[in-house]
Every structure is written in structure tokens, then in C-alpha cells.
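Here's the structure, in C-alpha cells; my notes come after.
Each value in this text was obtained by applying a stated rule to the coordinates, not by laboratory testing. Note that the structure is predicted; figures quoted are calculated from it, not measured. Note that each Cβ is placed from the backbone with ideal geometry, even for glycine, and that neighbours are counted across all protein chains shown.
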Amino acid sequence: MKALCIFLTWPLLLVAATISSAQDLGSQVNAQLATCGKTCDIRLPAVQQVKWTTTISVPCASNGITTLSGSGPSTALTFAGSGPAIEVSCPGGAAAVNVRLSDMKLVLARSGSETPTSGIHLATFNTGTISDVVIENSPETPTKGADGIFIEGANSITIRNVRITGLRNGIHNVGILLNGRAFSANAIHVFGGEISSNSGCGIFEDGASARLVGANFGNSYIGVTLEDNGSIGDAMTGNACIQSGRAISFLGDYFENFSAVSYQAWIGDSSNQPTGVVFVGNGFVSVKGTLATLNLANSDGATISGNTEIGAIPSFIHHSRRSRRTFLFPNVFVAVGNANNEPPRIPGVSGATSGVLNISGNPPDGRRIVKREH
């Protein structure tokens with residue numbers, strides 16, 4: 001019988017546990033996690049196409065350190081159960097859990113009525129790191145509607161160099177009301193990596209619970225590649241979907257779409273008005289058929305500065321009447337038209353230009369408010 005070796009380490013002790021590949025991997029890892037206490041280090045070896053159906057549930061230990069790591073993409077694990085493949089969920093809320101997930105490949109696969117909901121689910125705790133993880137859909141038996149990383153009311157999460165592809169949403173952040181306590185998804189910081197070819201949103205700042213628990217706050221995406229996320233004809237999809245949030249930042253990211261999704265990114269909807277969203281120093285490549293790079297459907301205090309769009313599309317920003325106090329600094333539109341349908345004219349902006357604080361064409365010390373003309 002083929003066996004897998006899982007190594008568990010904690011201060012002054014090393015245990016090597018033999019795990020049978022003929023048994024469910026999740027159940028065996030959970031049994032090992034239950035023996036660790038507050039400090040646990042589980043290392044999965046290089047194995048290919050190991051399939052399991054039981055969610056790996058990392059325990060919540062405040063002020064502990066729990067590490068679950070593989071040996072890079074050669075640790076290829078296929079989850080074919082219901083729910084998330086790996087979960088850290090703390091119903092009472094927990095501080096400084098310090099969970100670390102790294103160096104593995106997760107494939108999500110449908111198996112009969114069993115359908116995965118996410119690769120990694122983090123809920124109602126503080127402090128965690130995900131790094132060098134690949135999460136993708138199974139090409140043979142793909143799941144529908146699954147998120148790569150689903151963050152539900154967790155805070156202080158750092159994500160580095162992940163690749164998420166072929167699912168519904170790449171990274172999905174939402175708040176939750178649990179046992180009478182409000183948890184929003186705050187301080188989620190993503191560095192590098194690639195999120196591509198997801199049918200919904202590459203990044204989804206979800207406002208479903210914002211009225212109950214408050215909007216997600218202080219999340220940032222720095223140097224991330226966002227490619228070909230979204231579905232043609234569905235304006236609520238795209239590379240970045242900021243339905244709700246405060247101080248959500250996109251800095252130095254690369255955006256590209258290969259099909260004519262309506263917008264590369266959108267901010268707000270009829271029920272939610274994100275505040276203080278920032279797009280600075282990003283590069284955009286949009287194809288013909290894209291309506292605008294950014295759709296400010298309902299925003300307050302957005303800052304748009306130093307971005308470059310090289311696609312030949314009607315406008316860089318579509319600005320709704322509901323949006324206000326938009327700070328528009330210099331941006332570069334290589335082949336963008338000027339599809340304004342309301343005066344006064346602002347290059348690259350379509351829609352209602354009232355509410356735009358157009359600084360881009362003014363002296364450094366001058367600011368003028370573009371007022372609506374009647």
C-alpha cells in the first residue's frame with residue numbers, strides 16, 4: 001500500500017506520521033491537527049492527484065501558530081467533497097490565530113452531488129497568511145460557483161503569490177453576522193500572483209452583509225495580475241468588483257481582458273456606495289467591445305490616478321450620477337475615445353461628469369469642481 005508521510009513539528013518534538021493514501025486525506029490530517037495544541041506544523045510531501053472528500057479543518061487557537069504546507073505545485077491535491085477544501089472558521093471569533101497555508105496545489109472537482117464551495121475558507125478570526133498556493137477548477141469534472149479563497153469576516157490576512165483560475169470568483173471577501181457579533185472582512189492584503197479566467201469576479205468585495213456588519217475596510221491589492229475574469233453580457237462581473245467597501249486599493253496591478261466583458265472593474269451598485277476606493281498606477285489592456293475601463297456606478301471619494309489604458313474603447317471611466325467627489329488625477333489613454341453624453345467634457349469620461357473633482361487639467365495648486373450644467 002502506498003503511504004504518504006506527514007511531518008508534524010512543535011517545540012522540542014518531531015513526529016513523523018504515516019498516512020495511507022487508501023484513506024481519506026482530510027480525515028487523517030484532521031486527526032493529526034487535533035493532537036497539536038496551540039503550535040502545529042504539518043508538511044505534506046510531493047504527491048500527485050491525491051483525492052479526498054473531507055474538509056481539512058484547522059483549529060482556532062488564539063496566540064498559537066498553525067502551519068499547513070506542501071512541497072510546492074508537486075503537492076497536487078484534488079478535493080471532491082462538499083464545502084471548502086481547507087477551512088479555518090472560528091464561530092466565537094479568535095485573535096492572533098496565526099494560521100499559515102502555503103506551497104501546494106488545490107484542484108476542486110465535482111463528484112456526483114458533492115460540490116466544493118471554495119478552495120480555502122477563512123472566517124471570523126484575526127491573522128493568517130496564504131502563500132504560493134495554486135487553486136484551480138478540475139478540467140475533467142469542473143465545479144460550479146466555487147470561490148478560490150472565500151474570506152468571511154476574517155481580518156489581517158496576507159496573501160502572497162497565489163494563482164487562482166477557472167472558478168466563479170478568485171478572492172471573495174464578505175462580512176458576516178455570527179452569534180450576534182458583526183464581522184467584516186478587513187485588512188486583507190494581496191501581493192503579486194495571478195487571478196485569471198474566473199467567470200464571476202477576479203476580486204469580489206461583496207456588500208451582501210454590509211448593512212448589518214459594516215463594509216469591508218482597508219483591503220489592498222498590490223502588483224496582482226488580473227486577467228480575463230468575468231462573463232460577456234454580465235456587467236456585474238469583471239476583473240475587480242467592488243460592490244461595497246471603504247479604503248479598497250488597487251496599486252500597480254495589471255488588468256487585461258481577452259473577451260468583451262462590460263468593464264474591467266466596477267464600483268458600487270444601486271444599494272451600495274463604496275467610499276475611498278483607490279486605483280493608482282495600474283495598467284489596463286481592454287479589447288474592443290469593452291464599454292469602459294472603470295464603471296463608477298455608485299462611489300464616493302474614489303481616487304483615479306496614474307493609470308494607463310492602451311485599448312481602443314469608448315471611454316476610460318463611466319461615471320454615474322450617483323457617484324460623487326471623484327478625484328481624477330492624470331491618467332494615460334492611448335486609444336480611448338471621448339464618449340461623453342453630458343457636458344462639461346472631461347477627456348476619457350462618459351456619463352454624468354457632475355461630481356468629478358477634475359484635477360488632471362489644472363495647475364498643481366488649483367482644484368475646480370466640475371458642476372452639472374442644466
### Message
Pick from Gly351, Gly268, Gly230 the residue whose mean-square fluctuation is largest in a GNM of the chain, springs joining Cα atoms under 10 Å.
### Response
Gly351
### Summary
Cβ-Cβ cut-off under 13 Å around Arg246, Lys and Arg +1, Asp and Glu -1: the net charge is -2
### Query
Rounded to the nearest 500 deg cm²/dmol, what is the calculated helix-only ellipticity per residue at 222 nm for the chain, with -39500 (n - 2.57) per DSSP H run of length n ≥ 4?
-1000 deg cm²/dmol
## Note on the structure
Listed residues Lys38, Lys105, Lys51; largest mean-square fluctuation, Gaussian network over the chain with Cα springs below 10 Å, found at Lys38
### Task
Set Lys and Arg Cβ to +1 and Asp and Glu Cβ to -1, take the dipole of the chain about its Cα centre, and tell me which of Ile164, Gly238, Gly180 lies farthest positive.
Gly180
### Task
Just check the stretch 58-137 against the gyration tensor rule for me: Cα atoms, a ≥ b ≥ c as the square roots of the eigenvalues, rounded for a/c under 1.5, and otherwise prolate or oblate depending on whether a/b exceeds b/c.
oblate
### Message
Give me the net charge for the shell around Ser118: Cβ to Cβ below 9 angstrom, other residues only, Lys and Arg +1, Asp and Glu -1.
### Response
-2
### Query
Extension gain Thr35-Ser259, at 0.36 nm per residue separation less the Cα-Cα distance, in nm?
75.7 nm
### Task
Assign one of three labels to the stretch 224-267, namely rounded, prolate or oblate, based on the Cα gyration tensor with a ≥ b ≥ c the square roots of its eigenvalues; rounded applies when a/c is under 1.5, prolate when it is not and a/b is larger than b/c, and oblate otherwise.
oblate
